[in-house]
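Here is the structure we will look at, set down as C-alpha cells.
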Amino acid sequence: MAHDEIVDHYSQLARAAAAGRVIADCGPGAFEQGCFGAAGYDDTSALPEAAVRASLGCGNPVAVAELRAGESVLDLGSGGGIDVLLSARRVGPHGKAYGLDASPDMLTLARGIAEQAGVHNVEFLRGAIEAIPLPDHAVDIVISNCVINLSDDKAAVLAEAFRVLRPGGRLGVSDVVTDSVLDPTRCAAVKQRIGCVAGALSVDEYRRLMGRAGFVGIHITLTGDHGDGVHSAIVQAVKPAIGPGLEIRPMREADAAQVLAIYQAGLDTGQASFETVAPSWEGFTAGKLPHLRFVAADTETGEIVGWVAASSVSARPVYAGVVEHSVYVHPGCQAHGIGRALLSAFIAAGEDAGVWTIQSGIFPENTASLSLHQGLGFRVVGTRERIGRHHGVWRDVIFIERRSTAAGN
C-alpha cells in the first residue's frame, strides 16, 4: 500500500476502536501461533480497555528495550499508544515517552487513552517514520511494533532512528520478517493470506540496512513462525557509544576532505604507516570496504575528529572474513578515548558482518597504538623485521590480529 493508503487504513481502524469495537489488522486465524495485538503482552490489566483494544502489534518491544528510570523513548508508529503508556511507566516521572504516528485519528485516540490512564510524561507527534520530527540525539531508546515492515523506504526509517538516538542509544523493535527473499509466487500467496506483512524484509536484508545506517551489535531473534517463511521477530541494536559532544556514524562522501586531512596528519608523524602521502578520495574509497567505515564527529559543528576503515586482505573466498584495518585520530584530539571508541564500534560492526579476523601492522615505536589494540583483544602474532624502508630507514612492523569470538567459530 502507498503511504496515504496506509494512513487511511489505520485511521479507519482508530475510529473503529474509538467506537468500542475490537480491531484487527490481519485476517482471522492468520497467525494461529503468533502473538499479535494484545496477546503479545504479559499483563495489560493496568491499561485502559481502549489501549488494549487498539493494539495492533506483533510483539512487545517494551519487554526487550531494557528501559530505565529517567530515560527518553520514542515509539515509531505508536498507534493507539499501548507501548508509549508502558514505556512512560517504566521510565518514570523524570523520563519521557514519545509516540509518533502519521494518522491524526490514531493520535486523537492515543492522547485520549493517555489522559484516561493519567499518564502525563508522554507526547504524541504527528509525522512520518521516514522523517522523524525530533532533533538529532533526542532520545535514549527507539522502539516500534510491527510498523517498519509497512514503510516503502525502510533504509530512511533506520537512518532516522539512528539520527535521533544519542550515542550509546538502543533500538528494540518488534517486526515481521521473512527467512529469505520470497519468490513472486510465494510472496503473492503470503500477501493474500497475511496482508499486514506485505513488504517485510528478509533477515539478511534487515541486517544489511541496519549496518548501513550505522547500528552495531545487531541481533534478530525469531519469536514466532507463521508459515510460508514469515516470522515475527525482535530486532535489537545499539548506536556506537563515545564521549560527550561526539558521535560515531558511517563515513560519508562529504567527509572526504576532513578524513584525508586526518590521514595526512597521521602520516606526517612518521609513526602511522610506510605511506607518506594520503591518497585521493577515489583511491581511498576504492581500497576500503564500503560497510566498515566510521567517523567520530563533533555533534555541534560536525567536525571529523577521527576515522576507522578496513580493506579486504584477499579476493579469494577463503579469506572473505579477514580484513586489515586503519584507525586515525586528529592530532589535537588524541588521548580522549576517541580511538578506543572508534575501534570498539568497528569490531562490533565486523562481528555483525561476519568478519572473523581483523589484522594490522604497527611500528614498534607506536606504543600508544599497540596498547590501544591489545586493550581491545588484539594479540601480537610476531615481528616482521626490516620489512620496508621509510624515509630511507629500514623498519620493523609488529603484526597484530584479533579473532572473533562469534564469527568463524
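The values are calculated or read from the model by the stated rules, or taken from the named source; none is laboratory data. Note that this is a predicted model, so its numbers are computed, not measured. Cβ placement follows ideal geometry from the backbone for every residue including glycine, while neighbour counts extend to all protein chains displayed.
In segment 111-125, the residue that is nearest to the chain's Cα centre (by Cα) out of those that are closer than 9 Å to G99 by Cβ and of a type in the set (A, V, I, L, M) is L125. Here is the figure for segment 358-371: residues that are aliphatic (A, V, I, L, M) and out of contact with any strand residue (DSSP E or B) (no Cβ under 8 Å at 6 or more places or on another chain) total 1.
Could you identify the single residue in A117, A138, A110, A161 that is modelled with pLDDT of 90 or more and surrounded by fewer than 23 Cβ atoms within 10 Å (Cβ to Cβ)? Testing whether each residue is modelled with pLDDT of 90 or more and surrounded by fewer than 23 Cβ atoms within 10 Å (Cβ to Cβ) leaves just A138. Applying a threshold of 6 Å to beta carbon distances and a minimum spacing of six or more residues, or different chains, the list of pairs starting in segment 260-280 at a residue that is farther than 16 Å from L372 by Cβ and ending at one that is at pLDDT below 95 and charged (D, E, K, R) reads L267/E275. When S311, S369 are checked against the criterion of being among the hydroxyl-bearing types (S, T, Y) and part of a strand (DSSP E or B), S311 stands alone in meeting it. Being among the charged types (D, E, K, R), in contact (Cβ under 8 Å) with a residue 24 or more places away in the chain and not in a strand (DSSP E or B) is a property that holds for R340.
Take segment 382-400 and flag every residue that is closer than 24 Å to V329 by Cβ and assigned to a strand (DSSP E or B). Result: G388, H390, R395, D396, V397, I398, F399, I400. Applying the criterion of being surrounded by fewer than 24 Cβ atoms within 10 Å (Cβ to Cβ), in contact with a Gly (Cβ under 8 Å, 6 or more places away or on another chain) and at pLDDT below 90 to the residues of segment 61-89, the residue that is farthest from V119 (Cα to Cα) is V64. Would you call L182 at pLDDT below 95, over 17 Å from the mean Cα position of the chain (by Cα), buried (at least 23 other Cβ atoms within 10 Å of the Cβ) and not basic (K, R)? In short, no. Residues that are surrounded by fewer than 18 Cβ atoms within 10 Å (Cβ to Cβ) and under 24 Å from the mean Cα position of the chain (by Cα): does segment 353-364 have at least one? The answer is yes, given that some residue of segment 353-364 is surrounded by fewer than 18 Cβ atoms within 10 Å (Cβ to Cβ) and under 24 Å from the mean Cα position of the chain (by Cα). For segment 290-303, the condition holds for no residue, the condition being that it is without any contact (Cβ under 8 Å) to a residue 24 or more places away in the chain, surrounded by fewer than 19 Cβ atoms within 10 Å (Cβ to Cβ) and in a helix (DSSP H, G or I). In the condition set (1) modelled with pLDDT of 80 or more; (2) in contact with a Gly (Cβ under 6 Å, 6 or more places away or on another chain); (3) not aromatic (F, W, Y), H226 is compliant with all but (1). Criterion applied to P290, P331, P317 was being closer than 19 Å to R403 by Cα, of a type outside the set (D, E, K, R) and modelled with pLDDT under 95, and the one residue passing it is P317.
Beta carbons closer than 7 Å, at least 6 apart along the sequence or on distinct chains, pair a first residue in segment 110-132 that is closer than 24 Å to G92 by Cα with a second that is of a type in the set (V, I, T) for A110/V84; A114/V122; V122/V84; I132/V164.
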